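Please read the structure below before turning to the comments.
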Amino acid sequence: MEEGQKTNSEQMSSIEIRRRRIREKEKKWRYKIAILSGKGGVGKSTISVNLSVALARRGYRVGLFDADVHGPDVAKMMGIQDPEISTEKMGDHTELVPHETDFGEKTAPIKVLTLGFFVEEDQPIIWRGPVIMKAIWQFLADVKWGELDFFIVDLPPGTGDKVLTVAKSIDLDAALVVTTPQEVSLLDCGKAVSLMRKLGVPYVAVIENMSYLICPHCGGRIYIFGKGGGKKLAEREGVDFLGEIPFDLRVREAGDKGIPIILLEESEVAKALMKLANWLEKKMKEKRPISAAK
Ligand SMILES: Nc1ncnc2c1ncn2[C@@H]1O[C@H](COP(=O)(O)OP(=O)(O)O)[C@@H](O)[C@H]1O
Ligand SMILES: [Mg+2]
């Protein structure tokens with residue numbers, strides 16, 4: 001029977017079964033981190049990918065779930081062209097086994113799952129809301145994520161249903177809200193912060209991306225869109241401000257090449273991303289201690 005033909009109670013029970021399965025699975029994920037934003041195109045995926053790589057480089061077991069169905073760029077940014085996704089029978093249901101990547105042994109294997117694996121790069125995703133929701137449920141409940149130190153979720157932009165579904169399905173330890181310095185992004189970022197706090201996420205913080213350009217001549221900082229917006233917003237909301245990440249053309253080039261910038265060079269932007277990873281690691285370990293595998 002097609003999903004559309006299922007009765008309401010059948011659909012409810014399949015959601016309930018998945019919900020329970022997620023509860024079981026998340027016990028094996030030590031720190032669950034959501035990356036979100038008010039708007040698209042602010043660098044959520046870039047930050048999710050680079051954070052995952054920074055943590056995996058230290059030997060942590062990282063799972064990266066790209067839940068942004070409208071811009072599933074994570075596969076490309078991670079350089080995954082031919083994902084190896086298999087399935088495994090688990091009792092009464094079948095689970096997907098995520099693709100693993102280690103950048104030629106530069107990091108511990110990172111488990112990656114993105115809708116981008118299932119759609120052609122140049123095809124628009126025209127799935128309707130309920131189908132997208134079902135895909136998100138499945139990616140959380142019917143995937144063999146296994147034991148993880150960090151489960152990182154790259155959420156869709158905004159504060160809509162899809163974000164709520166994920167945030168309510170797993171007990172997040174932290175929500176990092178990414179903004180750019182423009183007013184419009186800051187405004188929406190404030191809403192995302194409020195939502196996460198309302199949902200009881202214990203650690204919420206703001207990251208400002210593309211904050212300034214580095215002058216190629218004098219090395220000075222050029223704040224094209226104004227300075228200090230992200231910091232002010234974080235202060236107003238009473239959450240941590242995790243710093244400014246500069247705009248650097250090499251970030252996009254690295255993303256397009258499929259080699260995350262922090263693996264490439266010691267640039268200012270790579271340092272800012274690394275600092276972010278350090279801070280997150282420290283904050284989470286304060287909560288529940290853990291030692292890295294390496
Ligand atoms: N700090 C940065 N400097 C330069 N380009 C960036 C930076 N952060 C992100 N980008 C680029 O901006 C675009 C949008 O970033 P992305 O991470 O896909 O945003 P989102 O996931 O929020 O939609 C990408 O092409 C990415 O490479
Ligand atoms: Mg994205």
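The values are calculated or read from the model by the stated rules, or taken from the named source; none is laboratory data. Predicted model only: the values in this text are computed from it and were never measured. Please note: Cβ atoms are built from the backbone with ideal geometry, for glycine as well, and neighbour counts cover all protein chains shown.
Taking T180, is it touching a strand residue (DSSP E or B) at 6+ places or on another chain (Cβ under 7 Å), free of Cβ contacts under 8 Å to residues at least 60 places away in the same chain and of a type in the set (V, I, T)? When the stated conditions are applied, T180 does not pass them.
The combined condition, being surrounded by fewer than 24 Cβ atoms within 10 Å (Cβ to Cβ) and touching a Phe, Trp or Tyr at 6+ places or on another chain (Cβ under 6 Å), is not fulfilled by Q138. All conditions in (1) closer than 16 Å to K275 by Cα; (2) within 16 Å of ligand 1 (Cβ to nearest atom) hold for L55, with the sole exception of (2).
Cβ-Cβ distances below 6 Å connect no pair with a first residue in region 228-256 that is over 22 Å from P216 (Cα atoms), a second residue that is part of a loop (DSSP other than H, G, I, E, B) and more than 12 Å from ligand 1 (Cβ to nearest atom), and a separation of six or more residues or different chains. Is it the case that region 36-49 has a residue that's in a strand (DSSP E or B), in contact with a strand residue (DSSP E or B) (Cβ under 9 Å, 6 or more places away or on another chain) and under 17 Å from V177 (Cα atoms)? Yes: one or more hits. Within the bounds of region 68-85, is there any residue that is more than 21 Å from K287 (Cα to Cα), near ligand 1 (Cβ under 8 Å from one of its atoms) and in contact with a Leu (Cβ under 7 Å, 6 or more places away or on another chain)? Within region 68-85, one or more residues are more than 21 Å from K287 (Cα to Cα), near ligand 1 (Cβ under 8 Å from one of its atoms) and in contact with a Leu (Cβ under 7 Å, 6 or more places away or on another chain). Checked against the criterion of being touching a helix residue (DSSP H, G or I) at 6+ places or on another chain (Cβ under 6 Å), at pLDDT 95 or above and surrounded by 12 or more Cβ atoms within 10 Å (Cβ to Cβ), the candidates V69, V62 yield just one match: V62.
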